[in-house]
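See structure below.
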Amino acid sequence: MTLFASTASDDPPRTVGRSGARLDVRSGPLRTQVHRLWAHRLVRDEGGADRFRLFLVAAVLTILVTRAFLHMTGYPQVGGGGLHIAHVLWGGLGMLAAHLMSILFLGIAVRNAAAVVAGAGFGLFIDEVGKFLTADNNYFYEPAAAIIYAIFVATYAVVRLGVNRRPLSERERLVNAAQRTADGHAGSPTGGEWPTRIREQWRAVLADFCQRPLLRRWTAPAIALFTLFSLGRPLVLLSRDPNLPNVIYATFASTAFVLAVLGLWRSTRGRSATNLFEVALMIELLVVQVFWLLDSEFAGILPVAWTVALLTVNRRHAAPAMPDRAT
């Protein structure tokens, strides 16, 4: 890589990179040029969003299954003679296996399997975050559930907003077409990846389910009632101790409730309120539920699941009026 040597007006333009990727120190802001170089180098996979979902689902299910299994078995010690083989080690092996699969083999089936194995490995790894953050290696560290949840939310936000916020470019579509041809020669199916087919079938079933009159009638009241339920705990905590975290907790919970009530008022008058409900539920998902998990630990996963369900139904109701969103 050639580095910039000078920016004097009599110096020739300097380049950075290879394969025709050029940065001209006199052609515009460096940030813009670096962005163009970045876009030139990275080509997104058209099936990447679906594999990312596989990764997330595998990771979340692994955490839930691991916690449930350990609770039912009394948290057994694996090993002997003063040794304990923590499941973080199995998680590391899972992530290593997924990495080796992705760099050693070709084909859609391998990439899908690697996403699942990587998700399971990451779930085993991040489940023991409490041990990494405490001096006494406390697996039952109370904020662990909120930390794990925040990591998943941040990861999703990075992928959704930083990678998949725009459609594939023409160049990326051409490269993906060539990749599909290569996958066909590698023995992978060329008629579409099974995660994509499952997603499309799931959306079709969900769209049909959400169009039922009873569900459409009760979605708005359910969202309002849920935000009211979520508001109770922060108000109690605020009345007991008006510190800054409780003020923030109560403020966001109150905001979500007000937006949901406004949405309910609009919906009773035959006006669209899906945008208000969307904002209210996103506030719940990104802020309020983090505090809920801090307070309730892993028992708070039920309100999170309910929030996701309401958000999904609300988006299905809005689907005819707005384009579907990619991950």
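Values in this text are rule-based calculations from the coordinates and carry no lab data. Please read these numbers as outputs of a predicted model, since none were measured by experiment. Cβ atoms come from the backbone with ideal geometry, glycine included; neighbour counts cover every protein chain shown.
Listing for the model above:
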item: Fraction in percent of alpha-carbon pairs per bin - 10 Å, segment 211-321; result: 15, 47, 27, 10, 1
item: Cα gyration tensor, segment 45-119 - rounded (a/c under 1.5), prolate or oblate; result: oblate
item: Derived scalar couplings ³J(HN,Hα) [segment 219-228; Karplus, 6.51 cos²θ - 1.76 cosθ + 1.60; whole Hz; x for Gly, Pro]; result: 5, 4, x, 5, 5, 4, 5, 5, 5, 5
item: Charge dipole (segment 48-191, unit charges on Cβ, about Cα centre) - positive-most of V57, G107, P76; result: G107
item: Segment 48-191, Cα convex hull volume normalised per residue, Å³; result: 141 Å³
item: Long-range tail of P(r) for segment 107-219 (Cα pairs > 26 Å, %); result: 49 percent
item: Largest-first principal axis extents, alpha carbons of segment 218-262, Å; result: 36, 14, 10
item: In order through segment 271-279: 3J(HN,Hα) via Karplus (6.51 cos²θ - 1.76 cosθ + 1.60), integer Hz, x for Gly, Pro; result: 9, 5, 10, 4, 5, 5, 5, 4, 5
item: Centre separation in Å (Cα based) which lies between segment 138-165 and segment 84-134; result: 16 Å
item: Two-decimal log10 I(q)/I(0) for segment 110-166, as the Debye equation yields it once each C-alpha is a single scatterer, q = 0.15 Å⁻¹; result: -0.57
